[in-house]
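Structure first, then comments.
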Amino acid sequence: MKSSKSFLLRKLEQDGLFDCKGYALELGFGNGEDTMALAQCGYQVDAVDNRQEFIEKLKSVVGEQKLSVNVFFQPMEEFKIEEGKYNLIFARNSLPFLKNKEAIFNLIKKLVRGLSLNGKICFTLFGPKDGWAGASNISFIEYDEVNRFLETLPIKLHYRSSEESYGKTMKGDTKFWHIHSFIYIKKT
Ligand SMILES: C[S@@+](CC[C@H](N)C(=O)[O-])C[C@H]1O[C@@H](n2cnc3c(N)ncnc32)[C@H](O)[C@@H]1O
């Protein structure tokens, strides 16, 4: 399993926010690339996914490389988050798989409570023009609506974008992506 860094991790690094200290949480780690990059740089990572195949794969790699990763086989919405624990929370292309917008917003609120002071939260959501739009098990949200919601939370905007382009899925297929990306920093 390779540990190439995703766009959001590279952005954190470029902006001097990837400090590799303390606890990190990744929700919906999939093939584990971001979890590996976080652990290899020095974070103690809690990694959550609800698919057994990804759990087994990540456990075997972190075991071989003796990385500090706790792997949790659990729905992310049920994962218990200790208040103020995490210096970094990461959820790339995973929150949209919650059942609806309310479930996503509730989990984001819970994640923000789990951040330490100056902790960073990085996540993506899918917009309504995404190629998967209409799928019953995925939620799509307008960019403006997410932005209005995020303004109500005790976090400071560091970076946000909404982009549309063709690109690869985790399985390697090509699809049209409409992705909103966010990096916020905990204020209080
Ligand atoms: C599109 S993949 C993204 C994987 C990885 N974060 C990436 O960007 O390559 C979505 C991941 O979220 C996981 N997932 C979806 N719903 C979940 C849930 N309710 N709880 C935990 N994991 C979930 C899937 O098993 C999958 O690994």
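What follows is calculated from the coordinates using simple rules that are stated; it is not laboratory data. Quick caveat, the model's predicted, so the values are computed rather than measured. Reconstructed Cβ throughout: ideal geometry from the backbone, glycine too, with neighbour counts over all protein chains shown.
In table form, for the structure just shown:
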quantity: Förster radius 30 Å - calculated FRET efficiency between Arg10 and Ser136 (Cβ-Cβ, nearest 0.05); calculated: 0.35
quantity: Under 13 Å from Lys5, Cα to Cα: aspartates and glutamates that are on another chain or at least 8 residues apart; calculated: Glu13, Glu33, Asp34
quantity: Value at 222 nm in deg cm²/dmol, rounded to 500, when DSSP H runs of n ≥ 4 in the chain each add -39,500 (n - 2.57); calculated: -8000 deg cm²/dmol
quantity: Pair Glu82, Glu151: separation of 7 Å Cα→Cβ label points (nm); calculated: 3.6
quantity: Residue order, fewest to most beta carbons within 10 Å, for Leu67, Leu95; calculated: Leu67, Leu95
quantity: Average Cα contact separation per residue, the stretch 7-186, under 8 Å, 6 or more apart, as relative contact order %; calculated: 19
quantity: Spread of Cα-to-Cα distances over 10 Å intervals beginning at zero, given as percent, for the stretch 1-67; calculated: 22, 57, 20, 2
quantity: Among Ser162, Ser68, Ser60, residue whose mean-square fluctuation peaks in a GNM of the chain (springs only between Cα atoms under 10 Å); calculated: Ser60
quantity: Likely footprinting exposure, Thr152, Thr35, Thr124, fewest C-beta neighbours within 10 Å first; calculated: Thr152, Thr124, Thr35
quantity: Principal axes of the stretch 48-127: Cα extent on each, largest first, Å; calculated: 37, 29, 21
quantity: Size descriptor, Kirkwood hydrodynamic radius, that averages inverse alpha-carbon separations across the chain, Å; calculated: 16.6
quantity: Ranked Glu26, Glu163, Glu53, criterion: other C-beta atoms within 10 Å, fewest first; calculated: Glu53, Glu163, Glu26
